[in-house]
Amino acid sequence: MTNPFQKVRLGRTTIEITRLGLGTAGIGWLYAGVSDEDASALLREAYAQGCTFFDTSPLYGSGLAELRVGAALAGLPHDTFVVSTKVGYAVFDDSALADPQSPVEPPRPPQDFSYDSALRLIEASLRRLQLDHIDIVLIHDPDNDLDTALQGTYRALERLRDEGVVGAIGAGMNYADKLAYLARAADFDCFLLAGRYTLLDQEALSDLLPLCVERGIAIYIGGPFNSGILADPYADMTTFNYATAPRAWVAKARRIDALCQRHGVPLKAAALQFPLAHPAVVAVLTGARTLAEWDENVAMFRHPVPVALWEDLRAEGLLPADAPLPME
């Protein structure tokens, strides 16, 4: 049985994270608001259960998620938890903070990957998180600004890593090829890869993941349900990569689910556990808006999955022949 709170080292660093981490987009106004009380209860209970890895960003609610993480963890010894946040979305102060009572999602902040802005943004994150240093900082979605981010944000983070203000530096994106470009261009400790190495989509398998093994760059996986399709491939509004799912992906997800059902395994359980078999992958992040959602994800992470399921998925061509398979 898989232990979601097993500690693992983050690549070449001395930082240790739990195999299952809590992503905080859901408590920073994603699709709808969450009350302060519910957000605090979720964060504190996850920590009490043994989760010590929390991923956040100024993007989530224009600073709201960071504020809530900081408030929930305030007073706890920093050496008992790890916070990963991001830099790139220009949230310098709390003037645009999301209102959790509002029915309207806050506007998306602009991006700024300049050197000076990165330093200012880290100062703002330190204040919101109530920390004197941040364990992990990722360059957030530099999708079309890779070289600008390398020349600006990366140099700022490299300086802060040298000074001890930041423990590890990386990047977070939905694009495996662009993360591979960054891996070849600079000295990164880790990457957050969203949606490109999952039970459904193994785009990162051929290039990014072996490159990260070679260079000692740790990967943690975001979006293990591919933004919804692996949570429920029969939903009326099935989503893949944050948009309406193409029919081919829906058909594949349903074939995977049919095999899971044959083995008595929930699709979510297989989806959460599959990525961790790859040696480049150290952890999986799941978002949650409520404690009930978090508890379900923990249960799915722990759910036994027989080796025969993975073998059948490979035999049916639903997993690549060279994709590492989890052990029972």
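Tabulated data for the structure shown
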{"item": "Calculated [θ] (222 nm, deg cm²/dmol) that DSSP helices of n ≥ 4 give over the chain, each run adding -39,500 (n - 2.57)", "result": "-10500 deg cm²/dmol"}
{"item": "C-alpha center-to-center spacing [the range 149-165, the range 303-328] in angstrom", "result": "40 Å"}
{"item": "Sequence ranges 171-179, 190-198, 296-304, 100-108, ranked by mean other-Cβ count within 10 angstrom, highest first", "result": "190-198, 171-179, 296-304, 100-108"}
{"item": "Which of Leu325, Pro58, Val166, positive extreme of dipole for the chain (C-beta unit charges)", "result": "Leu325"}
{"item": "Total formal charge among the other residues, if their Cβ is under 9 angstrom from that of Tyr234, Lys/Arg +1 and Asp/Glu -1", "result": "-2"}
{"item": "Size of charge dipole - the chain - debye, nearest 20, with Cβ of Lys, Arg +1 and Asp, Glu -1, no other charges", "result": "580 debye"}
{"item": "Computed magnitude of the charge dipole of the range 95-223 (debye, nearest 20; Cβ of K, R +1, Cβ of D, E -1)", "result": "120 debye"}
{"item": "Full-stretch length increase - Ala258, Asp207 - with 0.36 nm per residue and alpha-carbon distance subtracted", "result": "15.4 nm"}
{"item": "Positive dipole terminus of the chain, leading residue within Thr2, Gln101, Ile15 (C-beta point charges)", "result": "Thr2"}
{"item": "Total charge dipole magnitude, the range 1-149, about the Cα centre, Cβ charges on Lys, Arg, Asp, Glu only, Debye to nearest 20", "result": "520 debye"}
{"item": "Estimated translational D of the range 46-136 in µm²/s (Stokes, Kirkwood radius over Cα pairs; 10 °C; 1.306 mPa s)", "result": "117 µm²/s"}
{"item": "Within the range 47-62: backbone nitrogen closer than 19 Å to the Asp38 label point (7 Å, Cα to C-beta)", "result": "47, 60-62"}
{"item": "Note, ³J(HN,Hα) from phi for the range 128-136, Karplus 6.51, -1.76, 1.60, rounded to Hz, x at Gly and Pro", "result": "5, 7, 6, 10, 9, 7, 10, 5, 9"}
{"item": "Rounded FRET efficiency, nearest 0.05, which uses the C-beta distance separating Asp177 from Tyr115 and R0 of 25 Å", "result": "0.50"}
{"item": "Modelled FRET efficiency - R0 51 Å, Gln49 with Asp187, Cβ distances, 0.05 increments", "result": "0.90"}
{"item": "For peptides 66-78, 307-319, sequence by mean Cβ density within 10 Å, most packed first", "result": "66-78, 307-319"}
{"item": "The range 97-142 versus the range 1-67: alpha-carbon centroid distance in Å", "result": "16 Å"}
{"item": "Residues in the range 135-163 reached by a label modelled at His78 [backbone nitrogen below 20 Å; 7 Å Cα→Cβ]", "result": "135-139, 156-163"}
{"item": "Shape call, the range 242-306: gyration tensor on alpha carbons, a/c limit 1.5", "result": "rounded"}
{"item": "Positive-end residue of Met237, His303, Ala218, charge dipole of the chain with Cβ unit charges", "result": "His303"}
{"item": "log10 of Debye I(q)/I(0), alpha-carbon scatterers only, for the range 172-328 at 0.18, 0.19 Å⁻¹", "result": "-1.11, -1.22"}
{"item": "Stretch gain in nm, segment Asp143-Arg108, where the contour uses 0.36 nm per residue and the Cα spacing is subtracted", "result": "11.1 nm"}
{"item": "Over the chain, relative contact order from alpha-carbon pairs under 8 Å, at least 6 apart, %", "result": "18 percent"}
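Each value in this text was obtained by applying a stated rule to the coordinates, not by laboratory testing. On a predicted model such as this, the values are computed, not experimentally measured, just so you know. Positions of Cβ are generated from backbone atoms using ideal geometry, with glycine treated the same way; all protein chains shown enter the neighbour counts.
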